[in-house]
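**Student:** Below you'll find the structure I mean.
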Amino acid sequence: MKTFIITGASKGLGSAIAKQCLRTGDRCILISRTIDPAFEVLASSSDSKLSFIPTDLKETEKLSSLVKGILTEVDEKSDLYFINNAGIIDPIKPIGNLGQECLESSMKVNFMAPIVLTDEFIKQTSDSDRKKVVVNISSGAAKNPYHGWAAYCSTKAGLEMFTRVAGLEQDKVPFPVCLISFSPGVMDTEMQGTIRSADEHDFVDRDKFQDYKEKGMLRSPELVASTLLQLLEGEDLENGKFYDIKDLL
Ligand SMILES: NC(=O)c1ccc[n+]([C@@H]2O[C@H](COP(=O)([O-])OP(=O)(O)OC[C@H]3O[C@@H](n4cnc5c(N)ncnc54)[C@H](OP(=O)(O)O)[C@@H]3O)[C@@H](O)[C@H]2O)c1
């Protein structure tokens, strides 16, 4: 049996992953501020395979008890997959215009929340001998600078390095967690809508992203979700590695 704990499961990639897992009978624990109405219908018509924990990931002080609560709920023998997927692109502005409040939101959702959740997950499962995987959803922006995306690029780069260090460390413990970064490429989600609606002075590449949409170059979150789940099926995941969807299709 598999249990998937997925942040940012109300929309986009997180929602697509959760729906595919539910279809194959896996247990899903969904974490976001809102819920996709389709899950509410599924939850009321299904058994206890689906839970939703309303959470604002900016409230990082609550995340340790969130992990504790989740782990008391899951089956002792179940394989555990923790997918840190929630992310925000804002603020899209050149440096000098970012503002502390927007910077803090970006740091908390994209970086602090996944690293606190991962730290707690590793701590609270360290004695547990079963398959344990953490997926940190990354981006090409972890590796490449984009004009106007300083907060997003920095948080994704930080999360990628955290994943590499954690992978290195976990390789040396008795019951390791396997941690990977997964870069999904450009997807047709709300996040891309936010990118296309940025002010062109704040984001000089805006037209390029409008072209991606118009020319049908954005991947569907469903295709990305199935590619990730196929990757997780394999037995040879490399701890700490950055997996790029472009190399998997
Ligand atoms: N879309 C792309 O082209 C693209 C490209 C590369 C990487 N990515 C990465 O892929 C992941 C998924 O992106 P997406 O495009 O599917 O995004 P999306 O459609 O905008 O969905 C973002 C998800 O994050 C959740 N979220 C945002 N702020 C939150 C908060 N404060 N607390 C809890 N949950 C929060 C949202 O849930 P609520 O609003 O309900 O809280 C939502 O479920 C992100 O990590 C993103 O950086 C996306």
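The values are calculated or read from the model by the stated rules, or taken from the named source; none is laboratory data. These numbers were taken from a predicted model, which means no experiment stands behind them. Neighbour counts are summed over all protein chains in view; Cβ atoms, including those assigned to glycine, are modelled from backbone coordinates with ideal geometry. Ligands, DNA and RNA are stripped out before the accessible areas are found, and what is left, the full protein with its side chains, is counted by its heavy atoms. Shrake-Rupley method; radii C 1.70, N 1.55, O 1.52, S 1.80 Å.
**Student:** Provide a single number: the residues in segment 116-143 that are among the polar types (S, T, N, Q) and either modelled with pLDDT under 95 or over 16 Å from the mean Cα position of the chain (by Cα) (or both).
**Tutor:** 4
**Student:** In segment 205-239, which residues are open to solvent by less than 30 Å² (accessible area, probe 1.4 Å) and either among the hydroxyl-bearing types (Ser, Thr, Tyr) or within 14 Å of Thr189 (Cα to Cα) (or both)?
**Tutor:** Listed by number, the residues that qualify are Phe209, Leu218, Pro221, Val224, Ala225, Thr227.
**Student:** Separate question: Can you tell me which residue in segment 54-66 is most open to solvent (accessible area, probe 1.4 Å), limited to those that are closer than 24 Å to Glu190 by Cβ and touching a helix residue (DSSP H, G or I) at 6+ places or on another chain (Cβ under 7 Å)? Even if it seems obvious, please write down each step before you answer.
**Tutor:** Step one: filter segment 54-66 for residues closer than 24 Å to Glu190 by Cβ, giving 54-60, 63, 66.
With the extra rule that they be touching a helix residue (DSSP H, G or I) at 6+ places or on another chain (Cβ under 7 Å), the set shrinks to 55, 57-58, 60, 63.
Numbers: Thr55: 22, Leu57: 15, Lys58: 65, Thr60: 29, Leu63: 1 Å².
Top of the filtered list is Lys58.
**Student:** Still on this structure: I'd like to check something: does segment 35-57 contain any residue that is within 17 Å of Leu80 (Cβ to Cβ), within 10 Å of the ligand (Cβ to nearest atom) and within 14 Å of the chain's Cα centre (by Cα)?
**Tutor:** no
**Student:** Looking at segment 73-95 only, could you name the residues that are within 29 Å of Lys131 (Cα to Cα), of a type outside the set (A, V, I, L, M) and either at pLDDT 95 or above or crowded, with 21+ Cβ neighbours inside 10 Å (or both)?
**Tutor:** Hits for segment 73-95 are Ser78, Asp79, Tyr81, Phe82, Asn84, Asn85, Gly87.
**Student:** Checking the condition among the acidic types (Asp, Glu) and touching a residue at least 60 places away in the same chain (Cβ under 8 Å), which residue from Asp247, Asp202, Asp188 passes?
**Tutor:** Among Asp247, Asp202, Asp188, only Asp202 is among the acidic types (Asp, Glu) and touching a residue at least 60 places away in the same chain (Cβ under 8 Å).
**Student:** Could you check, for segment 160-183, whether at least one of its residues is under 26 Å from Ser220 (Cβ atoms), basic (Lys, Arg), at pLDDT 95 or above and away from the ligand (no atom under 11 Å from the Cβ)?
**Tutor:** no
**Student:** Further question: Answer yes or no: is there a residue in segment 119-126 that is open to solvent by less than 10 Å² (accessible area, probe 1.4 Å) and in a loop (DSSP other than H, G, I, E, B). Break it down into steps so the answer makes sense when it comes.
**Tutor:** Step one: of segment 119-126, the residues open to solvent by less than 10 Å² (accessible area, probe 1.4 Å) are 121, 125.
With the extra rule that they be in a loop (DSSP other than H, G, I, E, B), the set shrinks to 125.
Yes, segment 119-126 has at least one match.
Per-residue answers, yes or no, for (1) at pLDDT below 95; (2) surrounded by 14 or more Cβ atoms within 10 Å (Cβ to Cβ); (3) more than 22 Å from Lys62 (Cβ to Cβ):
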site: Asn97; (1), (2), (3): no, no, yes
site: Glu104; (1), (2), (3): no, no, no
site: Pro145; (1), (2), (3): no, no, yes
site: Ala150; (1), (2), (3): no, yes, yes
site: Ile195; (1), (2), (3): no, yes, yes
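**Student:** With (1) in contact (Cβ under 8 Å) with a residue 12 or more places away in the chain; (2) assigned to a loop (DSSP other than H, G, I, E, B) as the list, and Gly96 as the residue in question, which single condition is left unmet?
**Tutor:** (1)
**Student:** Suppose we filter segment 135-156 for residues that are touching a residue at least 12 places away in the same chain (Cβ under 8 Å) and away from the ligand (no atom under 14 Å from the Cβ); how many remain?
**Tutor:** Residues meeting the conditions: 3.
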